[in-house]
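*Asks:* My structure is below; once you've seen it, I'll send some questions.
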Amino acid sequence: MKYTLIILFIITHPLLAQFSSDVVSEDPVTKIAFGSCNKPRLERKHESIYQAILDQKPDLFLFIGDNIYGDTTDMKVFRKRYQALAKMKGYRDLQAQTRVLATWDDHDYGTNDGGKSYSKRKESQQLFLDFFNEPKDSVRRTRPGIYTSYSFGREGQVVQIILLDTRYFRDELPRIEEAEKKAGTVGWYQPTTDTSKTLLGADQWKWLEQQLQVKADVRILASSIQMLSYEKGMENWGNVPHEQKRLFDLLKKYRANHTVAISGDVHFTELSRVMIGDYPFYDLTSSGMTHANRNWVQAKNSFRVGTSHAQLNAGLIEIDWKKSQLTLSSINSKGQKLIEHLISFGELEFPVD
């Protein structure tokens, strides 16, 4: 009986549990490109970001939201918007050159600033998974929401990518009136004090906690909305500060070293950083593959590292395994670096208690 109890403890104790990503591949990864806010009808040959992405020859490309602009409850209209993306030369070339992974934001979910009250979320999920060629036996087809994870590479060089779903389960957030907006803000939201509000939902939170225990040498959290910057008044994790704290607490609890975040949504690019104790947690935002906003880029962000840029842009994560470092950057349509920030693996480590 004594030995049985010990075995059960080993299996069930959360700090000793062993979990796996939803999809596992031994294919090596050293360069990941990503982007968001893509309106097929706005693609122009002389200003397309796609060629700049192709020139980087990434191992993966991540679409992290507003991959199309559906904004409808009519699934026939939705299909046409996806068809427009499929016809984009840049997107076709990207598919031919590299593997494309995706999650959604509000406009390809179905409604602006939408959450769980969107009436066609089940139908929208089906269209999304079909368009991005999700395998028929994929776990994404067995559960509500489109969150998922991938592990690439062999031991010592494993990259885990966690694609979050910030729409399907999200509670509605109270909007403030235009007259209540503070100087420096461009949106209609402020942090809520209602701790019953959720961003990810109970099931996705349980899954995420397991994923943060997966063995990885570099971990990328992909969120359609910004994780750190909340002062703009736009949608972001700071609107639900108890959920943001929950994430930070989990990263610290499981010592999720070498973890960085990427995000989109805001129609410009910037890098943000917050300290979780002694751990510098970065969020690289890349938004505006087909359009940028010169007004929004001026909004306040106390966590910004360097400067923000309102140009067409795509994000890059480049991993140098030999030097144990990674570079977070964004490029414009000419392939020029707008942001470039080098981080050693040693910086991205939680202290041992």
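The values are calculated or read from the model by the stated rules, or taken from the named source; none is laboratory data. Just so you know, these numbers come straight off a predicted model, no measurement behind them. All Cβ positions, even for glycine, are placed from backbone atoms using ideal geometry, and neighbour counts span all protein chains on display. What goes into the accessible areas is simple: the full protein's heavy atoms, side chains included, and nothing from ligands, DNA or RNA. Shrake-Rupley method; radii C 1.70, N 1.55, O 1.52, S 1.80 Å.
*Asks:* Leaving out ligands, DNA and RNA, and with a 1.4 Å probe, what % of the accessible surface on the chain is carbon or sulfur?
*Replies:* The computed percentage sits at 50.
*Asks:* Moving to a separate point now. Provide the percentage of antiparallel DSSP beta bridges, counting only those with both residues in the chain; round to the nearest 5.
*Replies:* In the chain, DSSP labels about 60 percent of beta bridges as antiparallel.
*Asks:* Quick one: which of 347-353, 119-125, 167-173 comes out on top by average Cβ neighbours within 10 Å, and what's the full order, highest first?
*Replies:* So the order, starting with the most tightly packed, is 167-173, 119-125, 347-353.
*Asks:* In the stretch 108-237, what % of DSSP beta bridges are antiparallel (nearest 5)?
*Replies:* Looking only at bridges with both residues in the stretch 108-237, the antiparallel portion is about 45 percent.
*Asks:* Would you calculate the separation in nanometres between label points at N133 and K87, each defined as 7 Å from the Cα along the Cα-to-beta-carbon direction?
*Replies:* That separation, rounded to one decimal, is 2.1 nm.
*Asks:* Here is a follow-up. What does the accessible area per residue of the stretch 114-235 come to in Å², with a 1.4 Å probe and no ligands, DNA or RNA counted?
*Replies:* With all protein chains present, the stretch 114-235 gives 43 Å² per residue.
*Asks:* Given the Cα-Cα distance of V77 and I276 and 0.36 nm per residue of separation, how much length would full extension add, in nm?
*Replies:* Using 0.36 nm per residue and subtracting the Cα-Cα distance, I get 67.3 nm.
*Asks:* According to a simple spin-label model (label point 7 Å from Cα along Cα-to-Cβ), what is the distance in nm between K245 and K323?
*Replies:* 3.9
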